[in-house]
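Just below is one structure, and these are the notes that go with it.
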Amino acid sequence: DIVMTQGALPNPVPSGESVSITCRSSKSLLYSDGKTYLNWYLQRPGQSPQLLIYWMSTRASGVSDRFSGSGSGTDFTLKISGVEAEDVGVYYCQQGLEFPRTFGGGTKLELK
Amino acid sequence: QVTLKESGPGILQPSQTLSLTCSFSGFSLSTSGICVSWIRQPSGKGLEWLATICWEDSKGYNPSLKNRLTISKDTSNNQAFLKITSVDTADTAIYYCARTRITTRDDYWGQGVMVTVSS
């Protein structure tokens, strides 16, 4: 199975600051079609997860351009430019390359 | 508008079989590239993918649950199902269903249904 490992944030984060959340996979998520199958989700308190980013850097429909994804085949970063109150929650990375689909353990964002 | 809603028994006893239903609208499970997945989350913990079923009836299962899982669909009635046999307290969790695009990303999620396994 592909193991997904996420980093932590130095919570709480001041409102308006930019933060980066890291994720690492145990296997390259770059496929032969040129796409990197890494997704990012946000789970706000008491809510279901929502898709933010897929193919490592493509924003899902309706997602703010304050969110951006980048990386290589195994190391990934989700950047939030100017955190706002609505960004509070737990962020998960997930590999979409193969079964079993696996998630990172989650990174919690708290606002100061 | 895409919506999904999970339903289940709420509470069941160890060794019983858990049956979950995902009722959805706004898309069809007969459309090429469309799948439905089940994911669960124990209280205060992370997400665990369980199974995926796709438009052409291909299926994927989490091997960590060995042979306890069965996923199926009723395309005519816009529903997907998950059965988990021989449940125990470790299966207590919120269970989500999600629309999955080409098996690679879950772009719409249901609200989740809480399932408690207790004697």
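Is it fair to say B:GLY26 is under 21 Å from A:SER48 (Cα atoms) and open to solvent by 40 Å² or more (accessible area, probe 1.4 Å)? Don't jump to the end; show me each part of the working.
Values: under 21 Å from A:SER48 (Cα atoms): yes; open to solvent by 40 Å² or more (accessible area, probe 1.4 Å): yes.
Answer is yes for this residue.
A:ARG44 falls short on exactly one of the conditions (1) without any contact (Cβ under 8 Å) to a residue 12 or more places away in the chain; (2) more than 10 Å from every other protein chain (Cβ to nearest Cβ); (3) open to solvent by 50 Å² or more (accessible area, probe 1.4 Å), and that condition is (1).
Taking A:PHE76, is it of a type outside the set (Val, Ile, Thr), open to solvent by less than 20 Å² (accessible area, probe 1.4 Å) and farther than 30 Å from B:SER58 by Cα? Walk me through how you get there before you give the answer.
Numbers: of a type outside the set (Val, Ile, Thr): yes; open to solvent by less than 20 Å² (accessible area, probe 1.4 Å): yes; farther than 30 Å from B:SER58 by Cα: no.
Spelling it out, it is not the case that A:PHE76 is of a type outside the set (Val, Ile, Thr), open to solvent by less than 20 Å² (accessible area, probe 1.4 Å) and farther than 30 Å from B:SER58 by Cα.
Residues are listed down the side, and each one gets a yes or a no for (1) within 11 Å of another protein chain (Cβ to nearest Cβ); (2) open to solvent by 50 Å² or more (accessible area, probe 1.4 Å); (3) over 14 Å from the mean Cα position of the chain (by Cα):
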| site | (1), (2), (3) |
| --- | --- |
| B:THR31 | no, yes, yes |
| B:TRP49 | yes, no, no |
| B:ASN67 | no, yes, yes |
| B:ASN77 | no, yes, yes |
| B:SER86 | no, yes, yes |
| B:ALA93 | no, no, no |
| B:ILE102 | yes, yes, yes |
| B:TRP109 | yes, no, no |
| B:SER119 | no, yes, yes |
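Report those strands (runs of 3 or more DSSP E) wholly inside the stretch A:67-112 carrying at least 2 residues which are touching a residue at least 12 places away in the same chain (Cβ under 8 Å) and away from every other protein chain (no Cβ under 14 Å). First the steps, then the outcome.
On the way: elements: A:67-71, A:75-80, A:89-95, A:107-109.
Qualifying strands (runs of 3 or more DSSP E): A:67-71, A:75-80.
Only a single criterion out of (1) at the interface with another protein chain (Cβ under 9 Å from one of its Cβ atoms); (2) open to solvent by less than 50 Å² (accessible area, probe 1.4 Å) is not satisfied by A:THR58, namely (1).
Only one entry in B:LYS45, B:LYS5 is in contact with a Gly (Cβ under 7 Å, 6 or more places away or on another chain) and modelled with pLDDT of 95 or more, namely B:LYS5.
Of all the residues that make up the stretch B:51-65, how many are part of a loop (DSSP other than H, G, I, E, B) and surrounded by 20 or more Cβ atoms within 10 Å (Cβ to Cβ)? Working first, answer last.
Let us first name the residues in the stretch B:51-65 that are part of a loop (DSSP other than H, G, I, E, B), namely B:55-58, B:62.
From what is left, the residues that are surrounded by 20 or more Cβ atoms within 10 Å (Cβ to Cβ) are B:62.
Qualifying residue count, the stretch B:51-65: 1.
A:SER26 - would you say it is more than 14 Å from chain B (Cβ to nearest Cβ), open to solvent by 50 Å² or more (accessible area, probe 1.4 Å), modelled with pLDDT of 95 or more and within 13 Å of A:GLY104 (Cβ to Cβ)? Yes; evaluated as a whole, the condition is true for this residue.
Considering every residue within the stretch B:35-46, establish whether at least one is hydroxyl-bearing (Ser, Thr, Tyr), open to solvent by less than 50 Å² (accessible area, probe 1.4 Å) and either more than 30 Å from A:THR107 (Cα to Cα) or over 14 Å from the mean Cα position of the chain (by Cα) (or both).
Kept after step one, since they are hydroxyl-bearing (Ser, Thr, Tyr), are these residues of the stretch B:35-46: B:37, B:43.
After this cut, where a residue has to be open to solvent by less than 50 Å² (accessible area, probe 1.4 Å) as well, the list is B:37.
Still in the running and either more than 30 Å from A:THR107 (Cα to Cα) or over 14 Å from the mean Cα position of the chain (by Cα) (or both): none.
No - not one qualifying residue is present in the stretch B:35-46.
Just one of (1) out of contact with any strand residue (DSSP E or B) (no Cβ under 9 Å at 6 or more places or on another chain); (2) in contact (Cβ under 8 Å) with a residue 60 or more places away in the chain; (3) closer than 12 Å to B:ILE34 by Cβ fails for B:ARG99. It is (1).
Would you check which residues across the stretch B:55-79 are aliphatic (A, V, I, L, M) and either modelled with pLDDT of 95 or more or closer than 15 Å to A:GLU98 by Cα (or both) and list them?
Once the filter is applied, which keeps residues that are aliphatic (A, V, I, L, M) and either modelled with pLDDT of 95 or more or closer than 15 Å to A:GLU98 by Cα (or both), the stretch B:55-79 yields B:LEU69, B:ILE71.
The values are calculated or read from the model by the stated rules, or taken from the named source; none is laboratory data. Remember, predicted model here, so these are calculated numbers, not experimental data. Every residue, glycine as well, gets a Cβ built from its backbone with ideal geometry; the counts of neighbours run over all protein chains shown. With ligands, DNA and RNA removed, areas are computed over all heavy atoms of the protein, side chains included. Shrake-Rupley method; radii C 1.70, N 1.55, O 1.52, S 1.80 Å.
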